[in-house]
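The block underneath contains the structure these notes are about, expressed in structure tokens.
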Amino acid sequence: DGLPDEVEERLGTDPRRPEVLEQVATFPATVKERPELDIVRVDFGNVGRDRWLWAVHTAKPYTFENAGLILYLDLDADPKTGRRDMGCEVTVGHSLGRPTANGFEPDGSPRAVPAPRVALVGGVLYLCHDATIRQEGGRTRLRFSILSETREPHRTVDGTGWVTALGPANSNRKPPVTLDELVANEGFERTEGLDLIWQLQADPANLVFSSVEAEREGMDYYDAEYRWPAVRGAGGSLTVTVPRAGRFYPAVVVYDTAGREAYELRIDGKVAGRFVAAEDDRRQRIYFLSRPVEFKGGEKLTLRTGGGGAHITEDLFLLAKKPPVRGRAFEIRHVQAEYVNRAGEGAIRLTWITTWPAQCTVTCGGQKLTEEKPVANHRVYIPAPATGATWRYRIEAPRPDGKQVSQTGTVALAPPKPFAGTAKHERIPLKVENPYPFPLDGFLVTSGVPFAKGELGDPDHVRLLDGAGREVPLQPVVAGRWGDGSIKWLRLSFSATVDAGKTATHTLEYGTQVSRAPARTPLACVWKGDTLQVETGPLRVEFERTRSGFPIAVWYDHNADGTFTSDESLTGDLPISARLHDTKAVSYTTLHAPRRIEIEESGPVRAVVKVTGSYQSGEGKPWFAYTTRFVFHAGSAMVRVHHTWGADDPGEEFVEFERIGLEFPLAAREEWSWRIGLGHGQEREGRDALSLRQLRDDSYTLEPAAPAGVKTERADGWIDLSNGRWGVTAAVRDFWQLYPKGIGVDAEGLKIDLCPDFPEGTYDGCSKLDEIKLYFALMRGKYRVRRGVQKQHDLLLAFHPGQADGDAARHVSQAFQEPLIAVCTPERYCDTLVFGEILPATAGRSPEYEKVCEGVYENYLRHRDATRGYGLLNFGDQFGERKVNWSNGEYDHHHAFLLQFIRTGDRRWYFLGDRAARHAIDVDTCHHGPRAGGVWIHAMGHTGGYFREQYEGSGIPGGGFTPSHTWTEGFCDWYFLSGDPTAAENAALVADYYGGAYLNNYDYSNCRDNGWHLLLTLATYRLTNDPYYLNAARIIVERTLERQTPGGGWHRQMVPGHCYCMPRHRGEANFMMGVLANGLAEYYRETSDQRVAQALLGGAKQVVAELWVEDANGFRYTSCPKMKGYIANNDMTAGMLFYAYRLGGDRQYADIAMRAMKAAFDGGIRSISHLRWTPRLIYHMDRVARGE
């Protein structure tokens, strides 16, 4: 049949039988540019039961160079089944000579199909595949279509269109067994371990052949961030020549990825053995012949790959000795069972690691549960009463071979014993600064206060004194504990009165000798059946489980007689609600039973009611999730409302809507007047209908029209309504900064438009750059957001007696924008080590650095204004990464801002951190769907997906998730400092996403992948003390240590951008080494694992040897010797050297790090991203300067 036997074996045809192919279609030659891709004839035949061979002829001899081909096959000759709009059940073909295949169920859903075997002989392309094709009248009936393409650029060169054909019938002849059908190793054994691979490579008795330098057919250089030079490719081969005589065991190193990857070894054309890599665990293994071979020298070793899988292949060996055989470890490790409080209920939390992904079954206390899916990092909760009894548990983990691994233990059903604490009677000064030119009386303050490990065990042993030494009602809540059970953070809530422009000093006393007087306040939360009633003194608010996600009734005691009468009802028969309009004029509201109403916090000072549910249509159809927190304050008529909508539609990737707003009905038959803030100190009042719409950051519209001379630029975001007996001020935080926004009054009441409706064309005429930067989610008259995005808005409702008071309304709204906070001294924040080792600015030993920080602050604000960094989805982030990406907080802007806040006690940094955290929580994090917990990398439009192409060669249109662009430290900081529960929830959501199935068969590409993964995981561990996260870090560290290069550090192939040489140099980028150094240092801080200490020393050795450039006082960007030294990443890279000096005492590391940081301070640090590293570095610098 003209096919060489070797080709027939590769295709899976029988070399002993001539293959009979029938011509099933011919086509005229029409392509002039690439005639070698112009299809002119197709032949087809049967070569065994359900095995088919195609021959595709082209106008000139076919080539794999810059070519691809897809053969669409309608196996049942029914265009109504299979892939939608195509009617095919299978596609087979190739891309640059590599086999490709896709399969489809009758309903069009995808299914896995075997890859074809591909060969090119005499300019004819042969495709052989296995499939069941319709038989009719002793013939094969089928429909097919062929597409011939170029890859770069990707475009169609020729296409046949659909052809219906009859061809040779199926036969009953058993087809030859192909390499892909191999089920067991033939003549090969295997062993594993990177340490063993290094040893074999270094042994001079062995012969080592680089796969990259071998003679290759159908296998390409693996130009990726892979640990060692390698090639990849299915249906290909490698050939090397034995250089000398000897007795050797032929072997090859294979990276076992997803799918069955079959290999065959031939010696001078004769099959010596076969093996299959099918563990699919992303580990390197050595496959070697069981018996040695006597070589004379000059023999050809050919390694052939099967048609499926990646076949990432490293070195080939001729081993002088048979290597030790090692197998996979199947072990259960780090089991920890604890009794915990989970959502108010007692439970056993059981955590453990399996060294392979396993779907475990746990038996405990008569309960039995099986995990939903196989994972390597495990956590289960088992409901259990706090009886003090001891329960026995058993973990059973199924191995891939069907065997079981198990472990048993016991756990006591009792919470941890109380921690006494070492402090007896200590004091912490707390400053409450009022930056406003008006006094604030009885203003609610909620702030976090840190404690050193072991100091305090019980929140009952604290009390608060005002400036006159009088005890103040206080509500302390434990926000975090140290690993020993002592309190790490207390969240304090109290009322503060501060004169205009002044700072009030309070004193927090704590210790075993301190007790707090009982607080008597009017604040109460009481359930009465399905009704929750909250009273603050002047306010009564009712929630109803069966009716609404917002209060159904509000009373205001405007005459202050201590009772609530019917004429003091503010809502009448209509409750407050939120309303969402889709693009089809369907309205969804919160006027339905919510999923849950709960008292999240309740005490003498404040109460928090949390409501979760879904907006619903009149027919009860849910669309968009919501969470609303209502914060009440003892003795106050103010309510803070934090409303979050979330795009949770499980259908399309993007959802569109017209409006989201809050509606506050006003009691009928009342005469209402309003007063509204217009910005620049301007106000307007009236009694008629009102509409203010802030549709851009620098302009709003007003109806009735603003009087002449009024600047309609940035509205204040507050309105006051009054009927003469009582009134309410409603304020929206960051009103113009989060445009579009709206405020309106009509006959139905007050409307706060969080996302106001706007006509088509409002933004559509903008430039392409402004669309990318500002208006990407606002085009064509509707909002368009990616699934998983949410947005929280903060509102204030301040009720008052009498007529509207412009000054009072303006003052309360202004103070709400950046509220009062309680601030510790920088020494307190730093000395307690809750943030690690940080040098406070008030130490006075870092004046050069403080100038750098002030410059960064000014640059940040200047950049925000210059780029107009405002908008619903934008405010709190920074524009301009790769020219047109939003940075999505790279690297953890909120963490950087808040570290500078605790170093200085300066409110400016606190509120920058506030806005950055809010944006990162809402927009950059995916909250719904299968990717919930993923964080989008910097992209055009934050999440990506709004655009298909780059802008003038820049930007990332698509977006995506990776731990190398994910951080949680800032979320944890913000939670501890502010008490914002969404920050803690978000940190856990993100760490769970990357701590579960993501860690199955864990590996990484470059050192920022594992570095950032460690940082985000350990931050959440410190937030929660949940061993699940420490176990996640253990998995990452074990692979990181395993992948060290002998002699120190971590090396992988570098890619364009890091190295343009061929072959690529191996090494790492300077900043990636810095990220990993920080991650490992944080792990060492938790575990004191000496292996990690040694790894840091090895990393420092690599940094100095490969990256440090003496003359530049800086580091090369990467280990490529053609890279020049520069100072922009000095801070990130110097961290590795400071840690090494601390651990090993080598002064060289300290000297280089100090030089690098001086150069950085002199001109290399200008952006906020650097300030997430430098606070820890100046601590190291201070130690070195003082000779420590």
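The values are calculated or read from the model by the stated rules, or taken from the named source; none is laboratory data. Being a predicted model, the structure only gives us computed values, none of them experimental. Counting neighbours? That spans all protein chains shown, and the Cβs are built from the backbone with ideal geometry, glycine included.
Which condition number does D1003 fail, the rest of (1) within 24 Å of D1131 (Cα to Cα); (2) assigned to a loop (DSSP other than H, G, I, E, B); (3) not assigned by TED's automatic domain parsing to the domain that holds N1129 being met?
Going through (1) within 24 Å of D1131 (Cα to Cα); (2) assigned to a loop (DSSP other than H, G, I, E, B); (3) not assigned by TED's automatic domain parsing to the domain that holds N1129 one by one, D1003 breaks only (1).
So, G161, is that one surrounded by 17 or more Cβ atoms within 10 Å (Cβ to Cβ), touching a strand residue (DSSP E or B) at 6+ places or on another chain (Cβ under 8 Å) and not in a strand (DSSP E or B) or not?
Against the criterion (surrounded by 17 or more Cβ atoms within 10 Å (Cβ to Cβ), touching a strand residue (DSSP E or B) at 6+ places or on another chain (Cβ under 8 Å) and not in a strand (DSSP E or B)), G161 does not qualify.
Just checking: which of the strands (runs of 3 or more DSSP E) contained wholly in the stretch 1-120 hold 2 or more residues that are over 30 Å from P153 (Cα atoms)?
The strands (runs of 3 or more DSSP E) meeting that bar are 22-26, 39-48, 51-58.
Being of a type outside the set (D, E) and either surrounded by 23 or more Cβ atoms within 10 Å (Cβ to Cβ) or in the same structural domain as S614 (by TED's automatic domain parsing) (or both): is that true of W936 here?
Yes: the conditions hold for W936.
State whether the residues of the stretch 653-669 include one that is in the same structural domain as P551 (by TED's automatic domain parsing), part of a strand (DSSP E or B) and farther than 17 Å from R579 by Cβ.
Taking every residue of the stretch 653-669 in turn, at least one turns out to be in the same structural domain as P551 (by TED's automatic domain parsing), part of a strand (DSSP E or B) and farther than 17 Å from R579 by Cβ.
Every residue, every condition in (1) under 30 Å from F961 (Cβ atoms); (2) in contact with a Ser or Thr (Cβ under 6 Å, 6 or more places away or on another chain), yes or no:
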site	(1), (2)
C830	no, no
V834	yes, no
Y860	yes, no
Q878	yes, yes
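So that you can scan it fast, the table gives a plain yes or no per residue for (1) under 28 Å from C830 (Cβ atoms); (2) assigned by TED's automatic domain parsing to the domain that holds V432; (3) out of contact with any strand residue (DSSP E or B) (no Cβ under 9 Å at 6 or more places or on another chain):
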residue: N874; (1), (2), (3): no, no, no
residue: Q878; (1), (2), (3): yes, no, no
residue: S887; (1), (2), (3): yes, no, no
residue: Y891; (1), (2), (3): yes, no, yes
residue: L898; (1), (2), (3): yes, no, yes
residue: T904; (1), (2), (3): yes, no, yes
residue: R907; (1), (2), (3): yes, no, no
residue: G913; (1), (2), (3): yes, no, yes
residue: A917; (1), (2), (3): yes, no, yes
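Looking at the stretch 932-947, which of the residues that are part of a loop (DSSP other than H, G, I, E, B) and either among the hydrophobic types (A, V, I, L, M, F, W, C) or modelled with pLDDT under 95 (or both) is farthest from S964 (Cα to Cα)?
F947
Strands (runs of 3 or more DSSP E) wholly in the stretch 681-772 with at least 1 residues that are crowded, with 22+ Cβ neighbours inside 10 Å and not assigned by TED's automatic domain parsing to the domain that holds E656 - which ones?
none
Which members of the stretch 285-303 meet the condition of being outside any loop (DSSP other than H, G, I, E, B) and either farther than 25 Å from R399 by Cα or in contact with a helix residue (DSSP H, G or I) (Cβ under 6 Å, 6 or more places away or on another chain) (or both)?
Within the stretch 285-303, L289, V293, E294, F295, K300, L301, T302, L303 qualify.
Could you identify the single residue in E858, E827, E854, E771 that is free of Cβ contacts under 8 Å to residues at least 24 places away in the same chain, touching a Pro at 6+ places or on another chain (Cβ under 7 Å) and not aromatic (F, W, Y)?
E827
So which pairs qualify, if the first residue must be in the stretch 172-184 and farther than 14 Å from F275 by Cα, the second must be in a helix (DSSP H, G or I) and modelled with pLDDT under 95, the Cβ gap must be under 8 Å, and the two must be at least 6 apart or on different chains?
Qualifying pairs under 8 Å: P176/E9.
Can you name the residue in the stretch 176-215 that is surrounded by fewer than 18 Cβ atoms within 10 Å (Cβ to Cβ), over 30 Å from M1062 (Cα atoms) and among the hydrophobic types (A, V, I, L, M, F, W, C) and, of all such residues, is modelled with the highest pLDDT?
A184
May I ask you to say which residue of D1089, D1111, D1026 is of a type in the set (D, E), over 22 Å from D892 (Cα atoms) and within 22 Å of the chain's Cα centre (by Cα)?
Exactly one residue qualifies, and that residue is D1026.
If G537 satisfies every condition in (1) out of contact with any strand residue (DSSP E or B) (no Cβ under 6 Å at 6 or more places or on another chain); (2) not assigned by TED's automatic domain parsing to the domain that holds K751 but one, which is the exception?
Result: G537 passes all but (2).
Quick one: would you say Y951 is touching a residue at least 40 places away in the same chain (Cβ under 8 Å) and touching a Lys or Arg at 6+ places or on another chain (Cβ under 8 Å)?
The answer is yes for Y951.
Let me spell it out: the conditions are (1) at pLDDT below 95; (2) over 16 Å from Y1028 (Cα atoms), and L318 meets all of them except one. Which number is the exception?
(1)
Looking only at the stretch 1014-1029, filter to residues that are within 19 Å of I348 (Cα to Cα) and in contact with a His (Cβ under 9 Å, 6 or more places away or on another chain); which one of those is surrounded by the fewest Cβ atoms within 10 Å (Cβ to Cβ)?
Result: P1027.
Please specify each residue of the stretch 204-253 satisfying the condition of being within 28 Å of V7 (Cβ to Cβ), within 36 Å of the chain's Cα centre (by Cα) and either among the hydroxyl-bearing types (S, T, Y) or not in a loop (DSSP other than H, G, I, E, B) (or both).
Within the stretch 204-253, S211, D220, Y221, Y222, V231, R232, V253 qualify.
Can you confirm whether R908 is assigned to a helix (DSSP H, G or I) and surrounded by fewer than 21 Cβ atoms within 10 Å (Cβ to Cβ)?
Against the criterion (assigned to a helix (DSSP H, G or I) and surrounded by fewer than 21 Cβ atoms within 10 Å (Cβ to Cβ)), R908 qualifies.
So, in the stretch 266-303, of the ones that are without any contact (Cβ under 8 Å) to a residue 40 or more places away in the chain and either among the aliphatic types (A, V, I, L, M) or under 18 Å from P323 (Cα atoms) (or both), which residue ends up surrounded by the fewest Cβ atoms within 10 Å (Cβ to Cβ)?
The qualifying residue surrounded by the fewest Cβ atoms within 10 Å (Cβ to Cβ) is V271.
Give the residues of the stretch 605-650 that are of a type in the set (G, A, S), assigned to a strand (DSSP E or B) and more than 30 Å from F443 (Cβ to Cβ), sorted by residue number.
G613, S614, A625, G646, listed by residue number.
Can you pull out the residues in the stretch 1039-1073 that are part of a strand (DSSP E or B) and either among the aromatic types (F, W, Y) or under 25 Å from Y998 (Cβ atoms) (or both)?
R1052, Q1053, A1069
It is to be established whether one or more residues within the stretch 138-153 are hydrophobic (A, V, I, L, M, F, W, C), surrounded by fewer than 19 Cβ atoms within 10 Å (Cβ to Cβ), in contact (Cβ under 8 Å) with a residue 60 or more places away in the chain and not in a loop (DSSP other than H, G, I, E, B).
Yes, that holds for at least one residue.
Out of the residues in the stretch 511-542 that are acidic (D, E) and closer than 17 Å to V611 by Cβ, state the one that is surrounded by the fewest Cβ atoms within 10 Å (Cβ to Cβ).
Once the filter is applied, the top-ranked residue is D530.
When you scan the stretch 332-438 for strands (runs of 3 or more DSSP E) that lie fully inside it, which ones turn up with 2 or more residues that are surrounded by fewer than 19 Cβ atoms within 10 Å (Cβ to Cβ) and among the basic types (K, R)?
Those strands (runs of 3 or more DSSP E) span 332-342, 390-398, 426-433.
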